[in-house]
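Have a look at the structure below, then the notes.
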Amino acid sequence: MVKNILPLFICSLMFSCSNNIVRSDYKATEGGQWGKDNVIKFTFSGMDTIQKNNIFINVRNDASYPYSNLFLIAELTFPSGETVKDTLEYEMALPDGQWLGKGNGSLKESKLWYKENIVFPTSGVYTLQLSQAMRKNGNIDGVEHLEGITDVGYQIEKTK
């Protein structure tokens with residue numbers, strides 16, 4: 001009897017501990033291009049005000065993405081109206097051109113660190129806004145239509 005219960009207990013423990021995702025959402029870009037003025041907006045609420053969380057920005061790109069890095073502007077607005085705005089740079093490919101994201105074929109998904117060990121201080125509606133901030137070398141104006149970015153999302157996970 002004990003021999004039968006032990007494997008069942010181990011399996012249930014593995015499955016219960018593997019799902020730390022609190023929230024996750026994606027939005028598709030228009031025709032696989034992320035426009036310079038296209039701010040992708042997510043709202044979420046019902047967050048635990050005690051638990052520490054990690055926030056990730058998820059980006060799906062295909063083989064037509066022409067750069068090895070990605071600049072983003074992320075703006076997190078709290079229910080109180082306080083806003084935290086960050087300019088972020090992520091490496092998307094190795095120097096030899098190999099994509100760093102996961103996936104088979106030409107579509108890759110990158111899970112990019114945004115905020116680590118964040119506690120949502122109050123209950124209410126939070127807003128995360130993401131925009132691309134890519135520039136070509138020597139140009140002041142941003143890339144009007146960033147090709148190869150098919151989807152943009154976020155993921156909030158409980159810290160372990």
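Numbers at a glance
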| read-out | value |
| --- | --- |
| Compactness relative to 2.2 N^0.38 Å, alpha carbon Rg of the chain | 1.24 |
| Extended-chain gain in nm, criterion 0.36 nm per residue less alpha-carbon gap, Tyr90 and Lys41 | 15.7 nm |
| Neighbour cut-off at most 11 other Cβ (10 Å), DSSP loop, trypsin sites (Lys or Arg not before Pro), the range 68-120 | none |
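Values quoted throughout were computed directly from the atomic coordinates according to the rules given, and no laboratory measurement underlies them. Note that the coordinates shown come from a computational prediction; the quantities given were computed from them, not determined experimentally. Please note: Cβ atoms are built from the backbone with ideal geometry, for glycine as well, and neighbour counts cover all protein chains shown.
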